[in-house]
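Okay, structure first, notes after.
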Amino acid sequence: MASFIVEFPLITEKYQEDILNKRFETGRKIYNSLVNVTQKRYKEMIKTKRYRTLLSSLSESEKSDKEIWKQINDMRKQYSMSEYSFHKDVKQMQRHFKDNIDSFTAQKIATALWKSYDRLFHGNGRKVYYKKYGELNSLEGKSNKTGIRIINDTLVWNGLKIPVSIDYDNHYECQAMQCDICYNRIVRKYVRNKYKFYVQVVFKGNPPVKVDAETGEMKHRIGDGDVGLDIGTRTIAISSQSDVRILELADRVQNIENQKQKLLRRMDRSRRATNPDNYNEDGTVKKQGDKKVRWNKSNHYIRYQNELRELYRKQADIRKYQHECLANYIISLGNKVYVEKMNFAGLQKRAKNTEKNDKGKFKRKKRFGKSLANKAPSMLLTIINRKLGYFGEKLTEINTSEAKASQFNHFDGTYTKKTLSQRWNDLNGIKIQRDMYSAFLIMNISDDLKSFDIDKCNGRFENFYRLHNLEVDRLTGRKNLSSIAI
């Protein structure tokens with residue numbers, strides 16, 4: 001079932017904020033207690049020869065081997081490593097805190113932990129972590145009938161009654177409140193050195209249509225036609241019948257990154273001055289063996305820490321806002337959006353092999369971790385897919401290794417490997433920016449999602465080339481990323 005989220009501020013008093021902070025801390029302790037219990041079972045399970053044999057046989061055979069998966073799942077249930085077992089465990093813990101945390105909220109805490117284990121079981125994580133002090137900043141219920149509820153524009157939860165700030169003059173919020181509520185989530189955000197509290201209401205169905213207050217027309221419409229996306233670590237090239245663009249992802253985020261670097265240097269100097277005994281003569285941190293290294297924080301360090309926290313919040317908000325705006329623009333170009341299947345997690349990892357360049361110096365093993373963290377291309381694709389889903393469409397991923405959009409030439413059907421530094425294609429004397437041409441080819445993918453439709457490419461190329469030249473003219477003379485090469 002489709003759902004959407006609307007966030008509303010809570011109008012809190014000081015005593016209510018104290019109670020909410022206490023409940024977030026209680027939820028964190030329940031989560032960590034559950035981690036402690038489940039980790040003992042998990043370690044016992046992975047010690048067994050049978051479990052290790054099943055995993056190794058799975059890696060040697062096909063991933064879809066249902067019989068092996070069935071045995072693995074049965075063994076996990078035997079060791080109480082299932083979501084239902086976690087719910088039973090948390091029930092015993094919740095009874096001691098029932099005045100603050102209701103049973104359904106406790107079950108959602110257990111579900112959050114189970115999701116971490118589920119990612120671990122499927123190879124998308126290395127271990128399950130405890131939550132540090134202040135890290136748990138959201139608690140949610142399971143329905144609007146018990147636990148965390150919204151009743152008459154008021155948040156009601158275990159004796160707390162907090163007014164919700166809803167702007168009924170806002171068309172979107174007014175229409176959203178007419179929908180059925182699925183469940184509610186309380187969120188705590190650290191904004192300008194102070195915690196602020198919000199309620200995220202999860203409504204059933206599709207979100208209301210946003211309307212321009214002046215004209216009364218729909219703000220965001222979905223287009224009709226094919227759209228190709230060539231997304232990288234910092235840029236995205238877009239090709240459609242009506243427009244061709246190459247844009248830097250979240251271009252307003254980099255300024256914040258520069259501020260972060262200066263602030264981190266200040267924090268490091270402050271920490272070294274306050275804790276001289278924790279460092280060796282060469283500046284490295286002393287190894288304390290089994291002992292935990294104790295760090296003293298000066299008032300300056302705490303202030304810098306809060307400033308850094310505020311910058312991270314701003315960075316995340318700006319990045320998400322720009323991705324939402326860009327996603328609206330992309331789906332306005334067409335309803336069939338195609339993109340290459342990308343392994344962004346693989347691009348984050350450091351290079352394994354140690355290599356030297358032509359001058360004999362060692363190459364850096366760092367890859368694209370910082371760019372991916374700043375620009376979050378995967379988040380943009382998730383937002384596009386979500387917005388397309390409201391109109392009954394979805395983002396289509398093409399087969400990257402089969403299609404080879406960066407190597408193909410549709411004029412003669414040949415494939416030519418290129419280095420990352422080659423940013424322009426020479427197609428029978430026609431010079432075209434590499435990423436924009438890749439987006440054009442992706443737009444004209446065949447139904448098998450492995451090859452390109454040559455007839456479409458030939459029929460649409462003249463229009464693409466005209467729009468391509470307009471985009472090159474727009475970018476000429478501007479300060480662009482080196483990867484754009486314009």
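Give the number of residues within segment 383-398 that are under 19 Å from residue 439 (Cβ atoms) and hydroxyl-bearing (Ser, Thr, Tyr).
Going through segment 383-398 one residue at a time, the tally reaches 1.
Within segment 389-410, can one find any residue that is touching a Ser or Thr at 6+ places or on another chain (Cβ under 6 Å), over 29 Å from residue 461 (Cα atoms) and at pLDDT below 90? Outline the logic, then answer.
First pass over segment 389-410, keeping only residues touching a Ser or Thr at 6+ places or on another chain (Cβ under 6 Å): 405-407.
Among the residues that remain, those that are also over 29 Å from residue 461 (Cα atoms) are: none.
Taking every residue of segment 389-410 in turn, none turns out to be touching a Ser or Thr at 6+ places or on another chain (Cβ under 6 Å), over 29 Å from residue 461 (Cα atoms) and at pLDDT below 90.
Residues being out of contact with any Ser or Thr (no Cβ under 6 Å at 6 or more places or on another chain) and in a helix (DSSP H, G or I): count how many of those fall in segment 439-448.
Filtering segment 439-448 down to residues out of contact with any Ser or Thr (no Cβ under 6 Å at 6 or more places or on another chain) leaves 441-442, 444-448.
Within this subset, residues satisfying the condition of being in a helix (DSSP H, G or I) are 441-442.
Qualifying residue count, segment 439-448: 2.
Among all residue pairs at least 6 apart or on different chains, which show Cβ distances below 7 Å where the first residue, located in segment 371-383, is at negative phi and the second is modelled with pLDDT of 90 or more and in a helix (DSSP H, G or I)?
379/323; 380/323; 380/326; 380/327; 383/323; 383/324; 383/327
Counting only residues that are touching a residue at least 12 places away in the same chain (Cβ under 8 Å) and either within 22 Å of residue 330 (Cα to Cα) or of a type outside the set (A, V, I, L, M) (or both), how many does segment 416-445 have?
Counting residues in segment 416-445 that are touching a residue at least 12 places away in the same chain (Cβ under 8 Å) and either within 22 Å of residue 330 (Cα to Cα) or of a type outside the set (A, V, I, L, M) (or both) gives 20.
Name the residue that is nearest to residue 463 (Cα to Cα), counting only residues in segment 245-271 that are of a type in the set (Asp, Glu) and within 22 Å of the chain's Cα centre (by Cα).
At the first step, the residues of segment 245-271 found to be of a type in the set (Asp, Glu) are 248, 251, 257, 268.
Okay, now just the ones that are also within 22 Å of the chain's Cα centre (by Cα), so 248, 251, 257.
Working: 248: 23, 251: 28, 257: 38 Å.
Checking each candidate, the answer is 248.
Can you find, within segment 323-371, the residue that is farthest from residue 237 (Cα to Cα) among those that are among the acidic types (Asp, Glu) and at pLDDT 75 or above? Walk me through how you get there before you give the answer.
Of all residues in segment 323-371, those among the acidic types (Asp, Glu) come to 324, 340, 355, 358.
Next, from what is left, pick out any that are at pLDDT 75 or above: 324, 340.
On the way: 324: 17, 340: 12 Å.
Among them, the one singled out is 324.
Which residues, counting only those in segment 288-346, are within 24 Å of residue 257 (Cα to Cα), touching a helix residue (DSSP H, G or I) at 6+ places or on another chain (Cβ under 6 Å) and of a type in the set (Phe, Trp, Tyr)?
301, 304, 344
Scanning for something outside the structural domain of residue 449 (by TED's automatic domain parsing) and either under 25 Å from residue 330 (Cβ atoms) or not in a helix (DSSP H, G or I) (or both), does segment 258-274 turn up at least one residue?
Of the residues in segment 258-274, the ones outside the structural domain of residue 449 (by TED's automatic domain parsing) are 258-274.
Within this subset, residues satisfying the condition of being either under 25 Å from residue 330 (Cβ atoms) or not in a helix (DSSP H, G or I) (or both) are none.
Checked against the condition, which is being outside the structural domain of residue 449 (by TED's automatic domain parsing) and either under 25 Å from residue 330 (Cβ atoms) or not in a helix (DSSP H, G or I) (or both), segment 258-274 yields no hits at all.
Looking at segment 94-117, which of the residues that are under 21 Å from the mean Cα position of the chain (by Cα) and without any contact (Cβ under 8 Å) to a residue 24 or more places away in the chain is surrounded by the most Cβ atoms within 10 Å (Cβ to Cβ)? Lay out the reasoning, then the answer.
So the first thing to find is which residues in segment 94-117 are under 21 Å from the mean Cα position of the chain (by Cα), and the list is 108-109, 111-117.
Next cut, without any contact (Cβ under 8 Å) to a residue 24 or more places away in the chain only: 115-116.
Numbers: 115: 11, 116: 17.
Here the answer is 116.
Give segment 1-58 a look and list any residue that's of a type in the set (Lys, Arg), under 23 Å from residue 139 (Cβ atoms) and without any contact (Cβ under 8 Å) to a residue 24 or more places away in the chain, or say none. Give the derivation first.
Going through segment 1-58, the residues of a type in the set (Lys, Arg) turn out to be 14, 22-23, 28-29, 40-41, 43, 47, 49-50, 52.
Checking the rest, the ones that are also under 23 Å from residue 139 (Cβ atoms) come to 14, 22-23, 28-29.
Correct list: 14, 29.
Report yes if residue 296 is over 28 Å from the mean Cα position of the chain (by Cα) and not charged (D, E, K, R), otherwise no.
Values: over 28 Å from the mean Cα position of the chain (by Cα): yes; not charged (D, E, K, R): yes.
The answer is yes for residue 296.
So that you can scan it fast, the table gives a plain yes or no per residue for (1) assigned to a loop (DSSP other than H, G, I, E, B); (2) of a type in the set (Gly, Ala, Ser):
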site	(1), (2)
394	yes, no
431	no, no
450	yes, no
456	no, no
461	no, no
464	no, no
474	no, no
481	yes, no
485	yes, yes
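List the helices (runs of 4 or more DSSP H) inside segment 3-112, counting only whole elements, that have at least 1 residues being touching a Lys or Arg at 6+ places or on another chain (Cβ under 6 Å). Break it down stepwise before answering.
Numbers: elements: 14-47, 49-60, 66-78, 83-94.
Here the list reads 14-47.
The values are calculated or read from the model by the stated rules, or taken from the named source; none is laboratory data. Remember, it's a predicted structure, so these values are computed and weren't measured experimentally. Reconstructed Cβ throughout: ideal geometry from the backbone, glycine too, with neighbour counts over all protein chains shown.
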